[in-house]
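Report on one structure; see the data block that follows.
The values are calculated or read from the model by the stated rules, or taken from the named source; none is laboratory data. Please read all numbers here as calculations on a predicted model, not as lab measurements. Virtual Cβ from ideal backbone geometry, glycine too; neighbours counted across all protein chains shown.
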Amino acid sequence: MNKGKEITYRKSIGLQCKEQLRAKFRTQDEAAKLAGITPQQAGNIVNGKTDYTIGTLTRFVEANGLNLSISTNVFETYKLMYE
């Protein structure tokens, strides 16, 4: 996979997480605590800024009851919503 696609997928995941956490009225710090990860790790996921492990993502998603869809179409939809 090329680096551009990896960035697109990370941003897509981050936008989905951000929206779902807002719907639950949950802060990144609260979400991190529930998942047993640092607030910085949660920020990395939500902001799609840096690489993170699948294990960290899985803990974050499961602990916070999030549902993710991974595709470039999903990213384009979320991108339009937040621009």
| message | One residue is enough: does the stretch 63-72 have a residue meeting the conditions crowded, with 17+ Cβ neighbours inside 10 Å, at pLDDT 95 or above and not in a helix (DSSP H, G or I)? | response | yes
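For the stretch 28-54, give me each residue that is of a type outside the set (Gly, Ala, Ser) and surrounded by fewer than 13 Cβ atoms within 10 Å (Cβ to Cβ).
Listed by number, the residues that qualify are 29, 40, 50, 51, 53, 54.
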| task | State the number of residues belonging to the stretch 3-44 that are among the aromatic types (Phe, Trp, Tyr) and in contact with a helix residue (DSSP H, G or I) (Cβ under 8 Å, 6 or more places away or on another chain). | result | 1
| said: I'd like the residue in the stretch 1-27 that is in contact (Cβ under 8 Å) with a residue 12 or more places away in the chain and of a type in the set (A, V, I, L, M) and, out of all such residues, is surrounded by the fewest Cβ atoms within 10 Å (Cβ to Cβ). | reply: 7
